[in-house]
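Taking it in order: structure first as structure tokens, then the write-up.
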Amino acid sequence: MSYPGYPPSDGYPAFPGYPPTGQESVYPPAGQYTYPAVPGGFPPSGGGTYPAAPPNAGFPGAAGYPASGGYPASGGFPGAPQAGGMPPYPGGPGFAVPPTGPGFGGYPQQPPAQSYAGGGPAQIPGFPGGQVPSPMPGPPAAVVQCTQGTIQAAPNFDAGRDAEILRKAMKGFGTDEQAIIDVVANRSNDQRQKIKAAFKTMYGKDLIKDLKSELSGNVEELILALFMPTTYYDAWSLRHAMKGAGTQESVLIEILCTRTNQEIREIVNCYKSEFGRDIEQDIRSDTSGHFERLLISMCQGNRDENQTVDYQKAQEDAQRLYQAGEGKLGTDESCFNMVLASRSFPQLKATVEAYSRIANRDLLSSIDREFSGNVERGLKTIVQCALNRPAFFAERLYYSMKGAGTDDSTLIRIVVTRSEIDLVQIKQMFTQMYQKTLATMIASDTSGDYRRLLLAIVGQ
């Protein structure tokens, strides 16, 4: 249910160097990491902004989830169904979408942020007949960013007053969990760091230790996650995914394949400074082959984040991917790694569109045919984030609760890490994809203070 060894019985977190010596009252050190003070500060200016699905947006001709080799594939994330087990997305009859039609294998897409101008068939070497089967799109319009978190910085914030509320909630016999929930669920991560510092200043006690002594189980894990600085929580999650026997590959994929360049670089630095380890070395020790190479590529934080789409390059990349997979015997894995690890997400979206015209099938389906295991899931995650990142996280949330039992660590991690970024859009996609609200599924799968806090974070 929880991460191995979490929470540690003898302190939190049980890693040397946390908090840094001499800085016990304020973490992280001023200026070391930057976190958005309000929603909209993510992604960093100049990169990583992808168009998101606005409320009630339909996806033209969206088809059902792939009936063959759908995502998640066999051996995929915990709780994932076998191929064909995914319920159809709204408005789709099935998998077989004509390559020139909208939709890629039924994976829901964001409404196009670019307007496509008509044009004559382009002569491209290597295409059947030397022509692209459908018109080349014209230059892109501006890419529109539309993301919103369910948690925003509280107005008229007073760290001392909140520290006092938490102290009273934990003092004496019993614990006022509702008072704790009311504070924690309505403050930004940056404000929670200030509350921790104020608590130690006012009472000479560590807030995290006090919370641990008063809480237990999932609600404890959730509250401690909320009080971790954003970058530290990602680094901590990666460390625990590789610590001890076994590796939680789905955690590595979820974090390293979806974060912006700046976030990844901060995570890599935090991993080194807090745990005294090199994340690339840990990845090499815990993974292998093409999956290892993909994760190492992700760790560089060097993805192109230019939001302008080069449609000629998209056609060339699509042709390159086709020749590296469907168009040959065997698979040139390094070609897929190069394109999917280096191109911007808007650029990849255009490549996916071009690929379906060239290959007569969508790229997700081709990856399913050409790859297997963790590298398949990693490559699919990148493509899905290019098409619709909120839909990817909505899917992860759904399978964390579907079926017998609940993958609480995944549920907690996604709700916490997306709460100030795009959880509003994730909720909207969840309703579209599964015909039920995220809050409804959380309410039926959890209980007690854990349920109340989760519902407060998701905005119910």
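The values are calculated or read from the model by the stated rules, or taken from the named source; none is laboratory data. Keep in mind that what you see is a predicted model, and the values were worked out from it rather than measured. With ligands, DNA and RNA removed, areas are computed over all heavy atoms of the protein, side chains included. Shrake-Rupley method; radii C 1.70, N 1.55, O 1.52, S 1.80 Å.
Data for the structure
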{"item": "Note, ³J(HN,Hα) from phi for region 299-312, Karplus 6.51, -1.76, 1.60, rounded to Hz, x at Gly and Pro", "result": "5, 6, x, 10, 4, 4, 10, 5, 7, 7, 8, 9, 5, 5"}
{"item": "Distance violations [Cα-Cα > 23 Å] among K168/K427; K349/K380; K380/K402", "result": "K168/K427"}
{"item": "Relative contact order of region 311-387, pairs being alpha-carbon contacts under 8 Å that are 6 or more residues apart, as %", "result": "36"}
{"item": "For E353, solvent-accessible area (1.4 Å; no DNA, RNA or ligand), Å²", "result": "30"}
{"item": "Whole-Hz couplings from phi, Karplus 6.51/-1.76/1.60, listed for region 268-285; x for Gly and Pro", "result": "4, 5, 5, 4, 6, 6, 8, 10, x, 9, 9, 5, 5, 5, 5, 5, 5, 6"}
{"item": "Pairwise centroid distance, computed over Cα atoms, of region 178-254 with region 309-336, Å", "result": "42"}
{"item": "Hydrodynamic radius (Kirkwood) for region 159-215, which is based on Cα pairs only, to one decimal in Å", "result": "11.2"}
{"item": "Reach of K171 by Cα under 21 Å, taken over lysines that are not fewer than 8 positions away in the same chain", "result": "K194, K196, K200, K205, K209, K212"}
